[in-house]
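Every read-out reported here was derived from the displayed coordinates using simple, explicitly stated rules and does not represent laboratory data. Remember, it's a predicted structure, so these values are computed and weren't measured experimentally. Heads up, the Cβs are rebuilt from the backbone with ideal geometry, glycines too, and the neighbour counts pull from every protein chain shown.
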Amino acid sequence: MTRTPDIASSRLSDAELVVNFSDAHPPLTKEQAVVEAERCFFCYDAPCTEACPTGIDIPKFIRAIATGNMKGSARTILESNILGGSCARVCPTEILCEEKCVHNAREEGHPIRIGALQRHATDWQMDHGGQPFTRAPETGRRIAIVGAGPAGLACAHRLAMHGHDVMLIDAHAQPGGLNEYGVAAYKLADDFAQREVDFLMKIGGISFEGNRKLGQDFSLTELRRDYDAVFLSMGLAGVRAMGIEGEALDGVQDAVTFIEALRSRDKKAVPVGRQVVVIGGGNTAVDAAVQARRLGADDVTLVYRRGHEQMSATSSEREWAQTNGVTVRLWSSPSRMVTEDGVLAGVEFSRGKATADGRATYDPKDTFIVPADMVLKAVGQLFVTDPISGESILVENGRIVVDRSYRTTMEGVYAGGDCTVGEDLTVAAVRDGRDAAEAMHLALSTPDQSETSGQ
Amino acid sequence: MADLRSNFVGIKSPNPFWLASAPPTDKEYNVRRAFEAGWGGVVWKTLGEDPPVVNVSSRYGSLNYNGTRMIGLNNIELISDRPLATNIAEIKDVKRDYPDRAVVVSLMVPCEEESWKAILPIVEDTGADGIELNFGCPHGMSERNMGAAVGQVPEYVEMVTRWCKQNTRMPVIVKLTPNITNILMPAHAALRGGADAVSLINTIQSVIGVDLDRMVPMPVVGGKGTHGGYCGPAVKPIALRMIGDIARDPELCGIPISGIGGISTWRDAAEFLAMGSSTLQVCTAAMHYGFRIVDDMIDGLSAWMDEKGYATLEDVTGRAIPNFVPWNKLNLKFRTIANIDQEACVRCGLCYIACEDTSHQSISKSLVGNERRYEIIEEECVGCNLCAHVCPVDDCITMQPQPVDGELTWPEHPNNPNRVVAAVS
Ligand SMILES: Cc1cc2nc3c(=O)[nH]c(=O)nc-3n(C[C@H](O)[C@H](O)[C@H](O)COP(=O)(O)OP(=O)(O)OC[C@H]3O[C@@H](n4cnc5c(N)ncnc54)[C@H](O)[C@@H]3O)c2cc1C
Ligand SMILES: Cc1cc2nc3c(=O)[nH]c(=O)nc-3n(C[C@H](O)[C@H](O)[C@H](O)COP(=O)(O)O)c2cc1C
Ligand code: SF4
């Protein structure tokens with residue numbers, strides 16, 4: 001029997017693709033938003049606000065929706081989180097604000113729909129009000145930001161607000177970072193990422209240069225020479241290898257590369273297999289699996305080496321995968337790619353279980369094969385140190401080390417977002433960018449600050 | 001099964017639920033539907049002299065609160081805008097077809113004896129069970145020296161009541177306006193005039209809101225607004241108090257009361273009965289949901305009476321009146337202290353901030369591990385009940401009455417400069 005790898009584009013019609021990649025959770029109508037807002041107790045010292053990495057005053061913005069003060073509502077969100085629009089769409093609210101909503105104590109699983117309300121308010125602002133903030137008088141200070149993802153954008157906006165001039169530099173042609181080419185298409189439908197960047201840039205004072213890569217087209221030393229301060233927000237540019245036989249075969253791909261293709265190209269032009277195996281247990285794995293299904297794959301199996309509890313994908317992400325027809329298999333570790341006539345035909349896994357001390361063991365003799373013509377690896381992203389390797393920047397455990405003021409070990413250079421230690425979430429990146437901007441602003445406004453540095 | 005039959009100054013109805021004089025009782029069509037739905041009686045929409053009044057278009061304004069519609073309703077309608085003869089013919093037909101239901105006719109004619117003398121026999125001829133004198137309408141009619149313009153002058157109330165009593169055999173119910181400072185004044189006047197009963201409250205003068213785009217009070221009539229009459233659930237507390245004042249007044253000799261004002265459920269009805277009403281009139285709730293609401297009112301009231309062992313309406317009427325006292329009779333030694341059920345608490349912090357910012361700083365806030373915790377500081381709590389009211393969880397914060405050591409009222413209190421010194425025995 002001979003097989004040919006069955007990887008093809010255009011498995012579905014345009015019309016089907018439009019449906020499959022449109023908004024996963026459509027916006028609330030005005031009436032729905034008001035009803036939902038009126039459910040809010042307007043808690044004091046609200047636990048939801050404490051759970052939000054950017055500390056949005058949630059009861060305040062929700063009350064403003066209830067009273068019809070849309071401008072105030074949006075402003076409340078955006079002054080804490082200028083990417084409140086994308087956070088409303090991409091945040092795993094079930095483990096953040098909504099998890100802490102006191103309504104759960106009355107009826108588990110029925111928190112106020114904070115994310116949906118946040119989207120309602122920020123959409124209103126983008127539709128009606130444009131950029132709600134104005135710049136302080138220009139300071140003449142110039143700051144370079146490397147990496148125009150959520151961290152870099154939030155930092156740029158805050159610095160611009162304080163009157164500084166910002167140069168945003170990115171290796172990609174477009175600003176946005178993973179919002180633009182990583183997050184699932186149905187979470188940020190209708191070019192939202194781009195619209196949000198445009199909205200944010202309207203503050204003024206921010207220039208963007210794309211297709212410029214640190215370590216290749218310019219160096220950090222040059223930036224330090226030309227700018228008053230530098231913020232590094234380069235995210236995680238690398239992916240972890242699985243280190244098993246056949247990883248380089250045709251048809252084996254990084255999930256993030258697959259998703260990037262899907263986000264940046266016409267969906268019809270993105271090839272997908274009939275039988276797809278996704279390896280990994282995080283949200284990237286879930287996103288890759290679901291989007292492969294939605295591109296037209298017949299069978300998608302997500303295989304994770306441990307159990308539910310250890311998966312970093314949240315329970316709602318898992319459910320989302322399952323309702324999208326993804327088969328989830330647990331406690332299975334990939335041992336090799338299986339080929340037929342040199343062509344990828346499947347993945348072999350060994351079955352495993354938890355030992356008494358909670359670790360995982362796998363039995364190399366107890367194996368099974370999942371047939372596949374496409375394999376997507378989602379076993380984790382890595383920070384690539386090359387661009388800063390020659391500089392005096394301390395990297396530990398694969399991330400840039402910063403102090404509480406987001407300062408790296410190189411004077412005048414700050415860092416935040418995924419390339420530093422902490423949760424790899426959009427909202428955490430926004431907080432880092434914002435707070436680093438405040439720290440830089442403080443340092444630039446009080447020149448002595450940099451001399452008295454230290455941890 | 002509790003007996004809900006009512007005999008109100010000789011006007012009989014199978015239950016105490018009447019529709020108040022208003023749009024629901026404007027014409028035969030509505031009233032027949034109301035009787036089919038089970039209403040015990042109606043007070044027909046107020047009749048006046050011909051030519052009929054003219055109503056404006058755009059008539060009601062609503063007070064909505066936190067997602068709840070029409071917690072208060074205001075209107076700028078006048079009395080019936082149909083010819084007298086039309087109304088009279090319809091009343092006659094309806095009464096003939098529903099002899100067991102109460103049909104009371106509301107009247108408002110100029111403050112002249114001739115006018116009243118003229119209309120009374122016409123009404124009597126319909127076979128109606130009684131009349132209600134509308135001394136309450138606070139807008140439109142009062143500017144013509146009718147409605148509240150009469151109700152606000154006790155002498156007029158007495159005079160018109162007397163004319164009616166002298167010129168008809170029908171029982172006379174005087175409907176009182178709340179737009180006065182002391183409800184007892186017009187109530188006494190009605191009694192002096194010979195009224196068989198009083199009904200209250202009529203609507204309260206109000207401006208329901210302002211259209212902020214057009215800068216016009218609502219409801220907007222061609223770019224202008226006027227004050228109207230306010231009713232609905234929000235006015236219930238005002239009605240209960242005025243009814244209670246009349247019911248406990250010794251000089252009013254227990255004059256029968258038809259209670260009106262925000263009655264929407266059987267529970268409201270029971271409260272109105274407890275505060276001294278014998279029959280209950282409803283308008284806004286019917287306008288909000290239609291006539292079918294009477295089902296649950298009848299059912300619920302009857303079930304509640306059974307549960308409490310009240311056999312008839314008379315058993316309930318005025319039950320709360322002995323306990324409705326002037327402030328001076330309250331025991332200043334009584335203390336109640338808030339208690340938070342930590343199991344039920346959802347940790348919203350609303351009790352804390354309410355007491356901290358606006359009451360007596362009697363709730364402490366702490367963190368136990370990662371959990372916030374709110375606790376009553378009993379020594380500081382004055383027992384104001386605020387926390388229990390703001391708490392969104394039923395029965396989470398309860399007020400615990402403390403053992404009482406004797407009685408001390410303000411008249412005897414040492415802080416009272418005019419205290420009455422108890423006679424030493
Ligand atoms: C597939 C996927 C799905 C995700 N889904 C979610 C989600 O649903 N919800 C959520 O909260 N989080 C999600 N995340 C995580 C989230 O996207 C990141 O935490 C967030 O984008 C981090 O922001 P950042 O600004 O630090 O980095 P990034 O968004 O990664 O941006 C880094 C930018 O730096 C640029 N860059 C990198 N190297 C260089 C260089 N040498 N020179 C110049 N520019 C450079 C890159 O081109 C990029 O634009 C997801 C991540 C992935 C991979
Ligand atoms: C508990 C309480 C006590 C009040 N005490 C007074 C008072 O002592 N003197 C006064 O002029 N008004 C007093 N008021 C009335 C308020 O000042 C205000 O006029 C009224 O509450 C109406 O406003 P609001 O319902 O919009 O809050 C009191 C109100 C409340 C609720
Ligand atoms: S009853 Fe009043 S004083 Fe006592 S704790 Fe509650 S709010 Fe504070």
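Numbers for the structure displayed
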{"item": "Other-chain or far-sequence residues with amide H under 5 Å of B:L19's (modelled H)", "result": "B:G41, B:V42, B:V43, B:V282"}
{"item": "Pair B:E124, B:N416: separation of 7 Å Cα→Cβ label points (nm)", "result": "5.2 nm"}
{"item": "Sparsely packed GluC sites (Glu not before Pro) within region A:20-113, loop by DSSP, other Cβ within 10 Å at most 11", "result": "A:E107, A:E108"}
{"item": "Packing-based exposure ordering (other Cβ within 10 Å, fewest first) of A:K202, B:K224, A:K365", "result": "A:K365, B:K224, A:K202"}
{"item": "Computed [θ] at 222 nm, deg cm²/dmol, chain B (DSSP H ≥ 4; -39,500 (n - 2.57); rounded to nearest 500)", "result": "-8500 deg cm²/dmol"}
{"item": "Cut-off under 5 Å, modelled amide H: who pairs with A:L168 long-range", "result": "A:I145, A:S207, A:F208, A:E209"}
{"item": "Span from the region B:186-235 Cα centroid across to the region B:45-64 one, whole angstrom", "result": "12 Å"}
{"item": "Long-range tail of P(r) for region B:6-323 (Cα pairs > 29 Å, %)", "result": "31 percent"}
{"item": "Alpha-carbon centroids, region B:355-425 and region B:1-16: separation in whole Å", "result": "43 Å"}
{"item": "Lysines with Cα under 25 Å of A:K267, excluding same-chain neighbours fewer than 8 positions away", "result": "A:K187, A:K377"}
{"item": "Loop-located chymotrypsin sites (Phe, Trp or Tyr not before Pro) in region A:57-148, at most 14 other Cβ atoms within 10 Å (DSSP)", "result": "none"}
{"item": "Cα-projected label distance for A:E31 with A:T257, points at 7 Å along beta-carbon direction, nm", "result": "5.0 nm"}
{"item": "B:S199, A:S335 arranged by Cβ crowding within 10 Å, fewest neighbours leading", "result": "A:S335, B:S199"}
{"item": "Protection proxy ranking, peptides B:379-390, A:81-92, average beta carbon neighbours within 10 Å, highest first", "result": "A:81-92, B:379-390"}
{"item": "Among the listed pairs B:K92/B:K117; B:K175/B:K224; B:K165/B:K236; B:K95/B:K236; A:K202/A:K268; B:K45/B:K92, those beyond 22 Å (Cα-Cα)", "result": "B:K175/B:K224; B:K165/B:K236; B:K95/B:K236; A:K202/A:K268"}
{"item": "Computed [θ] at 222 nm, helices only, for chain A once each DSSP H run of length n ≥ 4 contributes -39500 (n - 2.57)", "result": "-9500 deg cm²/dmol"}
{"item": "Trypsin sites (Lys or Arg not before Pro) restricted to region A:236-267 and DSSP loop, no more than 12 other C-beta within 10 Å", "result": "A:R265"}
{"item": "Inter-part distance where region B:236-263 and region B:71-92 are each reduced to a Cα centre, Å", "result": "25 Å"}
{"item": "Taking A:I58, B:I340 and counting other C-beta atoms within 10 Å, the order from fewest to most", "result": "B:I340, A:I58"}
